[in-house]
Every structure is written in C-alpha cells, then in structure tokens.
Amino acid sequence: MTTLRHRGAGAGEGTGMVKLVGSANENWPDISPYVVHFTKAEGKRKAYDNSLSILSHRRIEARSRFGTGRQYAAAPLSICFSEIPLHNLARLADKRGCYGIGFRKEFIVERDGGPIMYAYKDTPRAKALRTMASKAKADQDDSIWKIAPFVDQPGQYGPKSYFYEWEREWRHVGNLDFKETDAAFLIIPENLHSQARGFFNDAEAENLGPNYRCPFIDPYWNAAKVKAAFDEAQT
C-alpha cells in the first residue's frame, strides 16, 4: 500500500512533482513510519550539546562523507538516519547516546533523502560503482554522486569488518533545514522530559527559540510506553 505525497519546500517546490512513500501498518511492528537521527559526542561537546544546537538552529549539518567513494573530495557531505522501530532504539542509543530527533519518512523523501542500498564488497556491482566513483573523483558534478552516497559496501576490510545492515540506514545529502513542527518526536532520556518541556515552553514565551510540542521518547522505552507518548500528544 502506498501513499501519494507532494514534494515539500526545497525539493522541487512549484514543479508539480510528487513522490510515492510506502505506508506503515500498525500490525507490522517491524516497520516504522519514522526515521531518527541521533547526536553523538564530538570532542569536548557532549551529545546533549549537539542535540540542543540542532534544535535551536533547526538544522542538521552534513559533516561527513558516506557510501561508495567517500574517500574522494568530490563525494558530497551527507546526514545519516535510521528507520529502526522506536521500541528498538536502544540498539542505536547504546552506540551513540540518548539524544536525537525523529521525522516521518515522507519528510525525508520529499527532500530527496531515502534508504541506502548495499553492494557487498568484491561483488560485480560493488566493483562497478567503485570504478565509476574513481573516474569521477575530481568531478563533483558527475551523476555518480547522486547514487554513491546511498550505496554502502559491507565486507571485511583488513582486520575490521563492516556490517551495519541492522541500522536500517537512510541518508540525506547536504544540510537538512526544518521547522519545529516538522519534528515527529524528540529523543530525550525520560528523567529530563519535564525539564525539557519547560525549557521549550519558556523559550517560546520569551521569544528566545522554538518550542517543540511533539512527543518526547526515551530510547529505552518499550512499544507500550512509546505508544502511550503518542496517544497522550493527541489528546
């Protein structure tokens, strides 16, 4: 079953183009209608600090290159998301921290983001993509860079193995600007929910920043607690 969605601002606005996005089914708990972006600690900045910066500026900055050919300067900077079901967010929280933001999949697809693909190392398709990326390593306008950031090549690389299919990763090329109303939920530890709600309410009242009225989700909650948070937000 699919849902027809119009493209949003910044993704062909005024062109009349539309995109199809698969619908989630509430009876399929392994399928999520959302994607999440976790913040992590960087240098002296904690994951909390980076999350607050994103929410304040309403922008997720693309700072790293991903996918096939990411070692080349021509490869574009991208942002990573995951479509892991919300009751399984602990898998990511254990690796990255307890702070993040969630969007509906439609929001990302409307802005030309989407799920990544896999071309396992040393397969013919992997070799073909690496060859094309190598030929375009000095040409950032080559069409391969519209594909390569969305194709990872899992495999054994020296002493390390790279197999992260379980992350169900999505990507968006370039910075992602959003409004506070675009956020489907925020990922915040449960013991800070009340404090965070007051912080955003005060920011709005004092005209100091955006107010996120969406649900707050603890990444270690089970499915029942996640559902309760969304139900409460609708009352």
May I ask you to sort THR123, THR181 by Cβ crowding, counting other Cβ atoms within 10 Å and putting the fewest first?
THR181, THR123
In terms of Cα to Cα distance under 13 Å, which aspartates and glutamates are near enough to LYS127, apart from those fewer than 8 places away along the same chain?
ASP152
Longer than 23 Å from Cα to Cα, which of LYS179/LYS225; LYS105/LYS227; LYS40/LYS146 are they? Say none if no pair is.
LYS179/LYS225; LYS40/LYS146
On a C-alpha basis, how far is the centre of the range 188-215 from the centre of the range 48-68 in Å? Whole number, if you could?
19 Å
Can you give the relative contact order of the chain as a percent, counting alpha carbon pairs under 8 Å and 6+ residues apart?
24 percent
Using the Cα centre of the range 2-233 as origin and beta-carbon charges of +1 (Lys, Arg) and -1 (Asp, Glu), tell me which of SER143, PHE185, THR123 is placed farthest towards the positive end of the dipole.
THR123
Tensor-based shape of the range 173-235 (alpha-carbon gyration tensor, a/c under 1.5 rounded, otherwise prolate or oblate):
oblate
The base-10 log of I(q)/I(0) that the Debye equation returns for the chain at q = 0.11, 0.14, 0.18 Å⁻¹, one scatterer per C-alpha, is -0.63, -1.00, -1.50
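Net charge within 13 Å of ASP152 by Cβ-Cβ distance, Lys/Arg positive one each and Asp/Glu negative one each, not counting ASP152 itself?
+4
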Which percentage, to the nearest 5, of the DSSP beta bridges contained in the chain is antiparallel?
90 percent
So which chymotrypsin sites (Phe, Trp or Tyr not before Pro) in the range 142-228 are both in a DSSP loop and have at most 15 other Cβ atoms within 10 Å of their Cβ?
PHE163, TYR164, TYR220
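Since every read-out is calculated from the coordinates, none of them should be taken as a lab result. Since we're looking at a predicted model, the values are computed, not measured. All Cβ positions, glycine included, derive from the backbone under ideal geometry; neighbour counts span all protein chains shown.
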